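Notes follow once the structure below has been shown.
The values are calculated or read from the model by the stated rules, or taken from the named source; none is laboratory data. Just so you know, these numbers come straight off a predicted model, no measurement behind them. Positions of Cβ are generated from backbone atoms using ideal geometry, with glycine treated the same way; all protein chains shown enter the neighbour counts. The protein model used for the area step is the full one, side chains on, heavy atoms only, and it has no ligands, DNA or RNA in it. Shrake-Rupley method; radii C 1.70, N 1.55, O 1.52, S 1.80 Å.
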Amino acid sequence: GVPQARYRETARSAWGDIELAGRHLEVPMVAVTGTNGKSTTVRLIEALFRAGGRRAQAAGNVGTPVLSLVGAPLDVAVLEVSSFQLEATEDFRPHVSVILNITPDHLDRHGDLRGYITAKQRLLVNQKPEDVAVLSCDDDTVRAMAEHTHAEVVGFSVRGEPDTGSGRRAAWIDTGAAVLRDGDQLARIDLTGCALSGAHNQENVLAALTAIWVAGVDPYAAAPALADFSPLPHRSELISDALGLQWIDDSKATNPGAAIRALESLPGRVIWIAGGRGKGLSFETLADRAAVSTIRALLIGESAEEIEKALRDRVPCERAPDLEAAV
């Protein structure tokens, strides 16, 4: 987590745990990054691999230290990698890379959006033609990253069949199913029994299915894991349905893009607790979305004043001294 600025001028080389583990893991690595949805996607990939008969373990930014996988009895390592971790890589080369989306985040660390994108892009730069880069076609920034890898690019889209060129593998959502195309052959995975709901989770599920498919797992054999998968804590997690209200914990939404996705998934009127540390990000787009369905905002933390200014006169706001008081 040490910023490059502190060692760039004096360190000839600097490795983080991802780089060190990548040099010693003797199994293929599937690595996932993006601004939002990384942990859910990584855990989905782990579950799908296991359902498909592969010994898989998730590690990295998801919580388990990646170095603990070295020497473990595994068939595949599934890694969540953050922009902070990717900064401290040199030759890190996953067999399958997955990039979900890019929206502004951690600008207080990377300086600007270009610095943040450059850090994320490091996931691709060492891949070779026999590797695969699974990239979102719904995100212009991610789609453009195809120019920065030698790997086979497999595009995915929740908006319908992507225009990736004839003969290329691709994946998309079509009327409640994930479609995986390899040449003239299509696999169609019914998603109606999937335990995850919301448009943002469609992206996560599609990316996870695509990742295990390009890694050689039969998607039909793995798909039953989707019905058994439990949503991760603090991600649009329903805590209680009482007093005529649904109480939802979405405290892992630590940037505007994630909060926008959560608000989009909520029908009806919302009482919204928001705040925390701004990380140098703009709240204007988030405020525009909040104004659609929010009937009152309870604001906490360092960025309370900035969010209140963004909401202006569109949403009634009230300051609270802390989260407990807001609840």
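For Ser82, the amide hydrogen comes within under 5 Å of the amide hydrogens of Asn61, counting only partners 5 or more places away or on other chains and with H modelled in the peptide plane.
Would you mind calculating the gained length between Ala291 and Trp247 on full extension (0.36 nm times residue separation, minus the Cα-Cα distance), in nm to one decimal?
That pair, Ala291 and Trp247, stretches by 13.9 nm at full extension.
Within the accessible area of the range 46-173, what % is carbon and sulfur when the probe is 1.4 Å and the other protein chains stay in place?
Answer for the range 46-173: carbon and sulfur cover 46 percent of the accessible area.
Per-atom-type breakdown for the range 252-327 gives carbon and sulfur 49% of the accessible area (1.4 Å probe, protein chains only). Counting only DSSP beta bridges with both residues in the chain, the antiparallel share comes to about 30 percent. Indicate the gyration tensor shape class of the range 114-237 (rounded, prolate or oblate), computed on the Cα atoms with a ≥ b ≥ c the square roots of the eigenvalues: a/c under 1.5 is rounded; otherwise a/b larger than b/c is prolate and the rest oblate. Cα axes put the range 114-237 in the oblate bin.
Could you please report the charge total around Leu311, scoring K, R as +1 and D, E as -1 over all other residues with beta-carbon less than 13 angstrom from its beta-carbon?
Around Leu311, the charge tally is -1.
Helix 284-293 and the long axis of the chain differ in direction by around 70°, with both axes built from C-alpha atoms.
Accessible surface ranking for His110, His234, 1.4 angstrom probe, highest first: His234, His110. Over the chain, accessible surface divided per residue gives 48 Å², non-protein components excluded, 1.4 Å probe.
With contributions of -39500 (n - 2.57) from each DSSP H run of at least four residues, the per-residue ellipticity at 222 nm computed over the chain stands at -8000 deg cm²/dmol. When Val32, Val292, Val62 are compared by accessible area at a 1.4 angstrom probe, the order from most to least is Val292, Val62, Val32. Placing a pseudo-label 7 Å from each Cα along the Cα-to-Cβ vector at Arg114 and Ala320 gives an inter-label distance of 4.1 nm.
Per the Kirkwood treatment, what hydrodynamic radius in Å, one decimal, follows for the range 1-101 from the mean inverse distance over all distinct Cα pairs?
Values: mean 1/r = 0.0719 Å⁻¹.
When all Cα pairs of the range 1-101 are included, the Kirkwood radius is 13.9 Å.
Distances between every pair of Cα atoms in the chain, grouped in 10 Å steps from 0 to the bin holding the largest one, split as 6, 25, 32, 24, 11, 1, 0 percent. What is the Å³ per residue value for the convex hull set by the Cα atoms of the range 55-129? It is 110 Å³ per residue.
Using a 1.4 angstrom probe on the protein heavy atoms only, could you order Ser197, Ser293 from most to least accessible area? Provide the component values of the computation, followed by the final result.
Working: Ser197 90, Ser293 15 Å².
Of Ser197, Ser293, the descending order of accessible area is Ser197, Ser293.
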